[in-house]
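Below: one structure in structure tokens.
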Amino acid sequence: MILLGSSSPSTPAIIAPRPRRLRHRTTTPSLPHSRSPHRHLVLASSSPAPTPRPLARAHRPGAVATAAEMVFSVTKKETKPYEGQKPGTSGLRKKVTVFQQPHYLANFVQSTFNALPADQVKGATIVVSGDGRYFSKDAVQIIAKMAAANGVRRVWVGQDSLLSTPAVSAIIRERISADGAKATGAFILTASHNPGGPTEVTCLGS
């Protein structure tokens, strides 16, 4: 089964990262198998609670930081397995048109979550961003929604969904949120030196 989340128009699915002065570390997630066995998609829809809750501390003197509470509901959708989804050392490298197939990306992302122990997913913090290649913003939305439906507590996304691979690595290793949370992994969308465009190569690494 694949977990996916959606948010109301007033609540973006992407959560912008906090200021850089905070720190963290990570563990390397297990990789999914070459063939996704999942037959269902699970979608989560969310809406903010009317009253925001204060965070543990503000980021600057005199400031009051708040975050809207989210409530999710989960539904299932049919899907099918795809061949050739075993990633190499450079991640899952395919043409953009392959990633755009119905639930192709979702199957791979769900396989990654399923390969991890449940306690490493529920309540976790992850990073999702990329180099701005074609389809990246759509992919970031899909991954963020699936993360929420799988129980991930926070998704840190770069401004406009942009973060270099070294930047993602640094965030995972060094950044700590105001309440002490650290990212345990990431989904990075990049195609390295390959040309970009709707018919060119892209890569998803986890």
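Looking only at strands (runs of 3 or more DSSP E) that lie completely in region 109-206, which have at least 3 residues being closer than 17 Å to Gly91 by Cα and in contact (Cβ under 8 Å) with a residue 12 or more places away in the chain? Explain how you work it out, then say what you get.
Details: elements: 125-130, 154-156, 183-189, 201-205.
Filter on region 109-206 gives 125-130, 183-189, 201-205.
Can you find even one residue in region 164-179 that is out of contact with any Cys (no Cβ under 8 Å at 6 or more places or on another chain), on the phi > 0 side of the Ramachandran plot and surrounded by fewer than 22 Cβ atoms within 10 Å (Cβ to Cβ)? Spell out the reasoning first.
Taking region 164-179 as the starting set, the residues that turn out to be out of contact with any Cys (no Cβ under 8 Å at 6 or more places or on another chain) are 164-179.
Next cut, on the phi > 0 side of the Ramachandran plot only: none.
Checked region 164-179: no residue is out of contact with any Cys (no Cβ under 8 Å at 6 or more places or on another chain), on the phi > 0 side of the Ramachandran plot and surrounded by fewer than 22 Cβ atoms within 10 Å (Cβ to Cβ).
Just to verify a result, which residue in region 88-103, among those that are surrounded by fewer than 19 Cβ atoms within 10 Å (Cβ to Cβ) and at pLDDT 85 or above, is nearest to Ala191 (Cα to Cα)? First the steps, then the outcome.
Kept after step one, since they are surrounded by fewer than 19 Cβ atoms within 10 Å (Cβ to Cβ), are these residues of region 88-103: 88-90, 93, 95, 97-98, 100-102.
Filter once more, so that each one left must be at pLDDT 85 or above: 93, 95, 97-98, 100-102.
Working: Arg93: 8, Lys95: 10, Thr97: 14, Val98: 14, Gln100: 15, Gln101: 18, Pro102: 21 Å.
Ranking the candidates gives Arg93 first.
Identify the residue in region 130-156 that is in contact with a strand residue (DSSP E or B) (Cβ under 6 Å, 6 or more places away or on another chain), of a type outside the set (A, V, I, L, M, F, W, C) and closer than 16 Å to Val109 by Cβ and, among all such residues, is surrounded by the most Cβ atoms within 10 Å (Cβ to Cβ).
Once the filter is applied, the top-ranked residue is Gly130.
Take the conditions among the hydroxyl-bearing types (Ser, Thr, Tyr), crowded, with 18+ Cβ neighbours inside 10 Å, in contact with a His (Cβ under 9 Å, 6 or more places away or on another chain) and farther than 24 Å from Arg173 by Cα and apply them to Thr125. Does it pass? Let's see the steps before the verdict.
Numbers: among the hydroxyl-bearing types (Ser, Thr, Tyr): yes; crowded, with 18+ Cβ neighbours inside 10 Å: yes; in contact with a His (Cβ under 9 Å, 6 or more places away or on another chain): yes; farther than 24 Å from Arg173 by Cα: no.
Criteria not met by Thr125.
The values are calculated or read from the model by the stated rules, or taken from the named source; none is laboratory data. A quick note: this is a predicted structure, and the numbers were derived from the prediction, not measured. Please note: Cβ atoms are built from the backbone with ideal geometry, for glycine as well, and neighbour counts cover all protein chains shown.
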